[in-house]
Amino acid sequence: LKRIAVMTSGGDSPGMNAAIRAVVRYGIKQGLEVYGIKRGYAGLLDEDIEEMTFASVGGIMEKGGTILRSSRCPEFVRKETRAEAAKILKKHGIEGLVVIGGEGSLHGAMFLEEEQKIPVVGIPGTIDNDIAMTDMSVGVDTCLNTVVDAIQKLKDTATSHERAFIIEVMGRHSGYIATVSGLVTGAEAIIIPEVPVNYEELGNKLLQERERGKINCIVVVAEGAASAYTVARHLEHRIGYETRITILGHIQRGGSPTAFDRLLASRMGVAAVDALMNGESYVMTALQGGKIVTVKLDEVLKEKKRLDMDLVKLAGLLS
Ligand code: F6P
């Protein structure tokens, strides 16, 4: 193995830069040439590829976003497009590819190896924590801290004005971000796609709490369950609070990564290079019980990560 490449793809997540840095620096230390592919699969198709150096990844660990930039590339669902991409990789002498991204990006990587025989290793990078077989993906922890900080601020003003806030968080089809952020901020209600909501019952419960003297009400809703507007429509006239809506949006994807994400990304970056050097590909790096392991890409992608229902129970128990 002489030359490998690294790219970030799909929705960015904090910590991607630490993963790039680890792949580049460890790769170079192992005697490899490491190339960076810009803007994910779209940049690959445009041959936006350049050699990375030890210095080119200096000072990036603490930066949010991704220095390689990212994109969503819907064309990559087509086999012909992937064949084109493989041709470009071969033309550039790239013998192994590290793809840092979420579910769609990892699917692209899996097909690149299955159909085009390009050795690939995935690193799970997404704020959603919806990738199976890994306890955490790169970016989840930072996102949670951002969301918790925002909810805490909203709680301050909710209390001053005795209001209810309906706060919509990201997560695509997963209720993970909503569940954990709601749990650790003591939200009065958490609405997630995994658990059906009965607005009448919820409204009555919140009203009772209001009548018992509660002075604020935080409802966290996962975007995959409902929009904050829908939730407000169902609840605002029932619960005895004046209601405000906040959609946190892409603020959840930015910011300097936490120590946890920097460490996870660094460990996974090194593990990805090790895998390629050992002739192991068609895998994703994963965190399982504190250890970094590799898991088969097809196994990761054939199952949906299920939300840990103990977390949901815990949130209910303590709120
Ligand atoms: O997968 C990350 C994510 O931020 C989801 O939580 C969200 O649904 C989606 O990406 C938003 O995508 P975009 O940035 O393309 O609008």
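Every number here is computed from the coordinates shown, using simple stated rules; none is lab data. Every value quoted in this text rests on a predicted model; they were computed, and no experiment measured them. For neighbour counting, all protein chains shown are included, and Cβ atoms are generated from backbone atoms with ideal geometry for every residue, glycine included.
If we sort 241-252, 272-283 on the protection proxy, mean other Cβ atoms within 10 Å, highest first, what's the order? Intermediate results must be reported in sequence, preceding the final value.
Values: 241-252: 16.7, 272-283: 19.3.
The densest-packed peptide leads the list: 272-283, 241-252.
Between GLU280 and SER56, 0.36 nm times their residue separation minus their Cα-Cα distance comes to what?
Numbers: separation 224, 0.36 × 224 = 80.64 nm, distance 2.69 nm.
So the chain would gain 78.0 nm between GLU280 and SER56.
What aspartates and glutamates does LYS296 reach when the alpha-carbon gap must be under 18 Å and sequence neighbours fewer than 8 apart in one chain are set aside?
Straight-distance partners of LYS296: GLU103, GLU113, GLU114, GLU115, ASP130, ASP135, ASP274, GLU280.
In debye, nearest 20: dipole of the chain around its Cα centre with unit charges on the Cβ of K, R (+) and D, E (-)? Let's see the in-between values first.
Values: 38 positive and 41 negative charges, 77 e Å.
Its charge dipole is roughly 380 debye.
With viscosity set to 1.567 mPa s and temperature to 4 °C, compute the Stokes-Einstein D of the chain, Rh being the Kirkwood radius across alpha carbon pairs; µm²/s, no decimals. Don't skip to the answer; put the middle values down first.
On the way: Rh = 20.5 Å.
The diffusion coefficient I find is 63 µm²/s.
Using a 10 angstrom cutoff on alpha carbons, build the Gaussian network for the chain and name the most mobile of TYR35, TYR199, TYR176.
TYR199
Pairs of Cα atoms under 8 Å, at least six residues apart: use those to get the relative contact order of the chain, whole percent. Write down the numbers at each step before the final one.
Working: 711 pairs, mean separation 73.9, N = 319.
Once normalised by length, the contact order is 23 percent.
Need the full-extension length gain, GLN288 to GLU84, defined as separation in residues times 0.36 nm minus the C-alpha distance. One decimal, nm. Before the final figure, lay out the partial values.
Values: separation 204, 0.36 × 204 = 73.44 nm, distance 3.51 nm.
In short, 69.9 nm is gained.
For ASP156 and GLU299 in one chain, what is 0.36 nm times their gap in residues minus the Cα-Cα distance, to one decimal in nm? If you can, show how the numbers build up before the last one.
On the way: separation 143, 0.36 × 143 = 51.48 nm, distance 4.43 nm.
Result for the pair: 47.1 nm of gain on full extension.
Under 18 Å from the Cα of LYS313, which lysines turn up, not counting those fewer than eight places away in the same chain?
LYS205, LYS305
I'm checking a number: the convex hull volume of the Cα atoms of region 23-135, normalised per residue, in Å³. What is it?
Numbers: hull volume 13.1 nm³, N = 113.
Each residue corresponds to 116 Å³ of Cα convex hull volume.
Calculated FRET efficiency, GLU75 and HIS173, Cβ-Cβ r, R0 22 Å, to nearest 0.05? Before the final figure, lay out each step's value.
Numbers: r = 23 Å, r/R0 = 1.04.
The pair GLU75/HIS173 has a calculated efficiency of 0.45.
Which value in nm describes the separation of the simple spin-label points at GLU242 and LEU311, placed 7 Å from the Cα toward the beta carbon?
Output for this residue pair reads 3.4 nm.
What are the DSSP H helices in the chain that stretch 15 Å or more along their long axis, judged by alpha-carbon atoms, and whose average Kyte-Doolittle hydropathy comes to at least -0.5? Could you put the intermediate results ahead of the total?
Numbers: long enough: 16-29 (20 Å, 0.47); 79-91 (18 Å, -1.08); 103-116 (19 Å, -0.59); 140-161 (31 Å, -0.06); 199-211 (18 Å, -1.52); 259-277 (27 Å, 0.96).
Sorted by number, the helices that extend far enough and score high enough are 16-29, 140-161, 259-277.
Across region 1-138, how many lysine pairs separated by 8 or more positions, or lying on different chains, have Cα atoms within less than 16 Å? Intermediate results must be reported in sequence, preceding the final value.
Values: LYS2/LYS29; LYS2/LYS90; LYS2/LYS91; LYS79/LYS87; LYS79/LYS117; LYS87/LYS117; LYS90/LYS117; LYS91/LYS117.
Lysine pairs, 8 or more places apart or on different chains, close enough: 8.
Once the Cα gyration tensor of region 104-144 is diagonalised, what are the square roots of 5 times its eigenvalues, in whole Å and ordered largest first, as equivalent ellipsoid semi-axes? Intermediate results must be reported in sequence, preceding the final value.
Numbers: eigenvalues 118, 13, 12 Å².
Values for region 104-144, descending: 24, 8, 8 Å.
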